[in-house]
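The values are calculated or read from the model by the stated rules, or taken from the named source; none is laboratory data. All values derive from a computational prediction rather than experimental measurement. All Cβ positions, glycine included, derive from the backbone under ideal geometry; neighbour counts span all protein chains shown.
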Amino acid sequence: MKKLITVALCISTIFLSADVYGQKIKLIIDAGHGGKDPGAKSKAGDKESDLTLMMAETLQKMAQENNIETVMTRTKKDQTLTHEQRSGYKPEAGYKAYYISLHMDKDKNASTRGNKLYYNIKAVNSGISMKLADRISIGLERINGNKSKKEDSEAIILKRNTIPSVMVYYGYATNLQDVKMAKDPAYQREISMLIIRTILETRY
């Protein structure tokens, strides 16, 4: 694992004001899976749904600290949502809205690592979604040392949204090292800062 950049350094270099362009920003944060759908699981029993909720909570806190309004699709571990309940977001007057769905992947081979970013090329604002995916993928490689893949996806949540939307897989729940990092508050802050910076720099 590459050494994590210190939080102090990141804070001093990345943040712009969310009001710098004179427009409010809203971030929809989707913590993947939850409740009856735990998602991927590690051999130790770590659930993807719990790991993504931890990341989502950190992202929400840091976004709000940077004057970004937030909406969480899921706020509890035992909360089960349908694809329809966690998607279908549309543009709002006076806001530039973005949708980030957080996930961790799985593989039969416990040594498999990597990042994946998905967007829907046919969706409204797909061009912005692709830019978000591209910039986040580069940042993830720098932070966790894993290679990133970007792909078009027919995922329901991406197809139903008409705001820029990206599914971010920041490692594997079946990989011990990726899970260890996912539980680290400093790592959660790094990923959150990357997403926030990307949103502030990718306007539409």
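Just a few scattered comments:
- The range 161-199, residues that are more than 19 Å from GLY39 (Cβ to Cβ), surrounded by fewer than 22 Cβ atoms within 10 Å (Cβ to Cβ) and of a type in the set (D, E, K, R): ASP184, ARG189, ARG197
- Only listed residue being over 23 Å from ARG160 (Cβ atoms), of a type in the set (Gly, Ala, Ser) and at pLDDT 95 or above, chosen from ALA8, ALA18, ALA110, ALA56: ALA110
- Filter pass, LYS180 being out of contact with any Ser or Thr (no Cβ under 7 Å at 6 or more places or on another chain), farther than 22 Å from VAL71 by Cβ, in a strand (DSSP E or B) and at pLDDT 95 or above: no
- In the range 91-121, of all residues being aliphatic (A, V, I, L, M) and farther than 27 Å from SER49 by Cβ, the one that is surrounded by the fewest Cβ atoms within 10 Å (Cβ to Cβ) corresponds to ALA93.
- Number of the exception - VAL124 against (1) modelled with pLDDT of 95 or more; (2) surrounded by 13 or more Cβ atoms within 10 Å (Cβ to Cβ); (3) not in a helix (DSSP H, G or I): (1)
- Residue among ILE136, ILE156 that alone is touching a His at 6+ places or on another chain (Cβ under 6 Å), touching a residue at least 40 places away in the same chain (Cβ under 8 Å) and within 30 Å of ALA93 (Cα to Cα): ILE156
- Here ARG135 does not qualify as loosely packed, with under 15 Cβ neighbours inside 10 Å and closer than 13 Å to ILE191 by Cα.
- Looking only at the range 28-78, and only at residues there that are part of a strand (DSSP E or B) and among the charged types (D, E, K, R), the one that is nearest to the chain's Cα centre (by Cα): ASP30
- Applying the condition of being under 19 Å from the mean Cα position of the chain (by Cα) and free of Cβ contacts under 8 Å to residues at least 60 places away in the same chain to the range 81-104 and asking which residue is nearest to TYR204 (Cα to Cα) yields GLN85.
- Residue list for the range 179-204, restricted to those being more than 11 Å from the chain's Cα centre (by Cα) and under 14 Å from MET54 (Cα atoms): VAL179, LYS180, MET181, ALA182, LYS183, ASP184, PRO185, ALA186, TYR187, ARG189, GLU190
- Residue within the range 147-160 that is in a loop (DSSP other than H, G, I, E, B) and buried (at least 21 other Cβ atoms within 10 Å of the Cβ) present: no
- Residue match in the range 154-172 (condition: within 18 Å of LYS183 (Cα to Cα), β-branched (Val, Ile, Thr) and modelled with pLDDT of 95 or more): yes
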